[in-house]
Protein chains: 2
Amino acid sequence: MNSIEITPRCPIRTTLELVGGKWKLLILFQLTNGPLRLSILRKSIPDISEKILIQELKTLVESDLVDRKNFGEVPPRVEYALTEKGRSALPLIEEMRKFAASYTA
Amino acid sequence: MNSIEITPRCPIRTTLELVGGKWKLLILFQLTNGPLRLSILRKSIPDISEKILIQELKTLVESDLVDRKNFGEVPPRVEYALTEKGRSALPLIEEMRKFAASYTA
DNA sequence: ATTCATACTTACAAAAAGGTTAGTACCATA
DNA sequence: TATGGTACTAACCTTTTTGTAAGTATGAAT
């Protein structure tokens, strides 16, 4: 039953590497309802700085959790969207909501 | 549907404060099957240092996710166990397992 | 020529997290 | 008197993460 062994590559650690940290899940969550431009994303997460947002998006793209679409226009227009893999992180967020709710209760 | 608003106290952030970071979920998970002593816990998470382990356990106890039972013996004997609230974090780990599995696939 | 909008970069600084090493306390037993 | 076993602490340091402030590029519109 206790079938996760704590190793350098266990599921918990894999997940933490992909979506751990202060911002990644917040960003993924904002993309739930469809693609968003950087400027919108920034407004929806009020206290993130532009630099950090871009930086986090970059690693999410590298992890194939987020897709970046550059429209090649001027002024620049770029949209970020969840990939399939990104979508598979959403149940995690739902569990966090449940956990936080039961904890607070 | 997109009903989590990103605020200083949204469920995602609450959860991250409680169980975020490199070690807390690993520790909680090790306690799934019952109370463990510090020395055992340490062996089951090979690369954690004693200081960090104690430090993390302390904050988990303060958050009421883990219960600390001191038997008052010499040499010291102390057992750590999940509380009810601690148990409610286990589904989170289960989701992480699923996420990691689908990601790796 | 100047300004505007947007995505992104760079250099730097501060803060948080994580880590190492060497201790302490206690009583039992040798 | 010395040693051993266990949980825990303290001083110090390194690495990682996060933040701030300023600047770049582009072409259209004024």
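Quick one: Debye curve from the C-alpha atoms of chain B, no solvent, what's log10 I(q)/I(0) at q = 0.14 Å⁻¹?
Values, matching the q order: -0.61.
In Å² (nearest 100), what accessible area is buried between A and B, both sides summed, heavy protein atoms only, 1.4 Å probe?
Details: alone 7660 and 7660 Å², together 11430 Å².
Approximately 3900 Å² gets buried when A meets B.
For the rotation taking A to B, I'd like to know which residue in chain A has the C-beta closest to the axis, plus that distance in Å.
A:E95, 2
What order do B:T83, B:T104, A:T15 take when sorted by accessible area (1.4 Å probe), most exposed first? Before the final figure, lay out the partial values.
Details: B:T83 25, B:T104 105, A:T15 5 Å².
I get B:T104, B:T83, A:T15, largest accessible area first.
Report, to the nearest whole %, how much of the accessible area of the range A:1-60 belongs to carbon and sulfur atoms, 1.4 Å probe, protein only. Intermediate results must be reported in sequence, preceding the final value.
Numbers: 1770 of 3090 Å².
Reported share for carbon and sulfur atoms: 57 percent.
How high is the FRET efficiency between B:S102 and B:D47 when r is their beta carbon distance and R₀ equals 30 Å, given to the nearest 0.05? Mind showing how you got there, number by number?
Values: r = 26 Å, r/R0 = 0.87.
With a Förster radius of 30 Å, E is 0.70.
With N residues in the protein assembly as shown, what two-decimal value do you get for its Cα radius of gyration over 2.2 N^0.38 Å? Intermediate values should be presented prior to the final figure.
On the way: Rg = 19.0 Å, N = 210, 2.2 N^0.38 = 16.8 Å.
In units of the 2.2 N^0.38 Å rule of thumb, it is 1.13.
If I take R0 = 30 Å and measure r between the Cβ atoms of B:Q55 and A:E84 in this structure, what FRET efficiency does the formula 1/(1 + (r/R0)^6) give, to the nearest 0.05?
On the way: r = 38 Å, r/R0 = 1.28.
Efficiency at R0 = 30 Å is approximately 0.20.
On C-alpha positions alone, give me the angle between the axis of helix A:50-62 and the longest principal axis of chain A, in degrees, nearest 10.
70
With a cut-off of at most 11 other beta carbons within 10 Å, and DSSP calling the residue loop, which trypsin sites (Lys or Arg not before Pro) in the range A:1-87 qualify? Please list them. Each step should come with its number before you reach the end.
On the way: sites: A:R9, A:R13, A:K22, A:K24, A:R37, A:R42, A:K43, A:K51, A:K58, A:R68, A:K69, A:R77, A:K85, A:R87; in loops: A:R9, A:K22, A:R77.
Here the trypsin sites (Lys or Arg not before Pro) that fit, given the DSSP loop and packing criteria, are A:R9.
How well do other chains shield peptide B:9-19, expressed as the mean number of their Cβ atoms within 10 Å of each residue Cβ?
Mean shielding count: 6.
Helix B:90-104 versus the longest principal axis of chain B: what angle, 0 to 90°, nearest 10, using Cα atoms?
It works out to around 60 degrees.
Threshold 30 Å², probe 1.4 Å: give the residues of the range A:76-105, in number order, that are less accessible with all protein chains present than with their chain alone.
A:K85, A:S88, A:L92, A:E95, A:M96, A:R97, A:F99, A:A100, A:Y103
Let me check against my output: what whole-number percent is the relative contact order of chain A, with C-alpha pairs under 8 Å and at least 6 apart?
Numbers: 87 pairs, mean separation 27.0, N = 105.
Across chain A, relative contact order equals 26 percent.
In whole Å, how far is the Cα centre of the range A:11-56 from that of the range B:1-63?
Their Cα centres are 22 Å away from one another.
The values are calculated or read from the model by the stated rules, or taken from the named source; none is laboratory data. As the structure is a computational prediction, the values presented were derived from the model and not from experiment. No Cβ is skipped: glycine too gets one built from the backbone with ideal geometry, and neighbour counts run over all protein chains shown. Keep in mind that these areas ignore ligands, DNA and RNA; they rest on the heavy atoms of the full protein, side chains included. Shrake-Rupley method; radii C 1.70, N 1.55, O 1.52, S 1.80 Å.
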